[in-house]
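Enquirer: Could you have a look at this structure, given as structure tokens, before my questions?
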Amino acid sequence: MRNPMDFTSNPLFLIIFAVTILYAAYTFPRPQLKQTNLVFYVHDYFTGHDSTAAIVAGKAGPTSKILHFGTVAVVDDPVTEGPSIESTLIGRAQGMYVNSRLDGKSLYMVFSVTFTDGEFKGSSLEIQGSDIYTMKEREFGVVSGTGYFRFVKGYGVMETEFIDVANLRAILKLSVTVKHY
């Protein structure tokens, strides 16, 4: 004899249950994603009294240059609102570059932009991607974030605002678009 309380074998119950679940899934409000657009400048200096980057490994040992394949560098670069180093400091870009192209013309970059001032103080963005620095514009991924940017995903476009190849000093403009809750 069939148990009257066994609803799983009743096809009508299964249909009503499925319709109820689908109705609930599509009618309850879901949090809307916000879009944030940012523009900031990263000051990347491998030389000088104010250097913010250092070579830590490479094929030629300590004499390796970031422009040579296989070189690894760490950075702790200032992030400012404008292209001048005197403009408002809003954070730091901390991470590393690996020269990952045999001809030396591309860096794999992975770094955190940690905001230390301004609207996003205490938050960070995690940036990852290829920097083919000979191109005017390069895209990269924004893969994660903290604080205001929790659950972020997005992309950015990097442009070289200034470069001194002989002294390995550059100012990079990053235009970032992210979606988050």
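The values are calculated or read from the model by the stated rules, or taken from the named source; none is laboratory data. Computed from a prediction, not measured in an experiment: that's the story for all the values here. Using ideal geometry, Cβ is built from the backbone for each residue, glycine included, and neighbour counts are taken over all protein chains shown. Quick note on the areas: whole protein, heavy atoms, side chains included, nothing else; ligands and nucleic acids left out. Shrake-Rupley method; radii C 1.70, N 1.55, O 1.52, S 1.80 Å.
Enquirer: How about the stretch 65-181: which strands (runs of 3 or more DSSP E) wholly inside it have at least 1 residues that are under 22 Å from Thr47 (Cα atoms)? It would help to see each step written out before you state the result.
Expert: Values: elements: 72-80, 89-99, 107-115, 124-131, 137-146, 153-164, 169-180.
It comes to 72-80, 89-99, 107-115, 124-131, 153-164, 169-180.
Enquirer: Now, a different point. Among the candidates Ser84, Ser124, which residue alone is modelled with pLDDT of 95 or more and over 18 Å from Phe140 (Cβ atoms)?
Expert: Ser84
Enquirer: Which residue, of Phe115, Phe151, is crowded, with 18+ Cβ neighbours inside 10 Å, under 30 Å from Pro31 (Cβ atoms), out of contact with any Pro (no Cβ under 7 Å at 6 or more places or on another chain) and not hydroxyl-bearing (Ser, Thr, Tyr)? Working first, answer last.
Expert: Details: Phe151 fails: crowded, with 18+ Cβ neighbours inside 10 Å.
None of the others qualify; the one that does is Phe115.
Enquirer: Residues of the stretch 21-47 being assigned to a loop (DSSP other than H, G, I, E, B), open to solvent by less than 80 Å² (accessible area, probe 1.4 Å) and hydrophobic (A, V, I, L, M, F, W, C), which ones?
Expert: Phe46
Enquirer: Just one of (1) over 22 Å from Leu38 (Cβ atoms); (2) surrounded by fewer than 17 Cβ atoms within 10 Å (Cβ to Cβ) trips up Asn99, so point out which.
Expert: (2)
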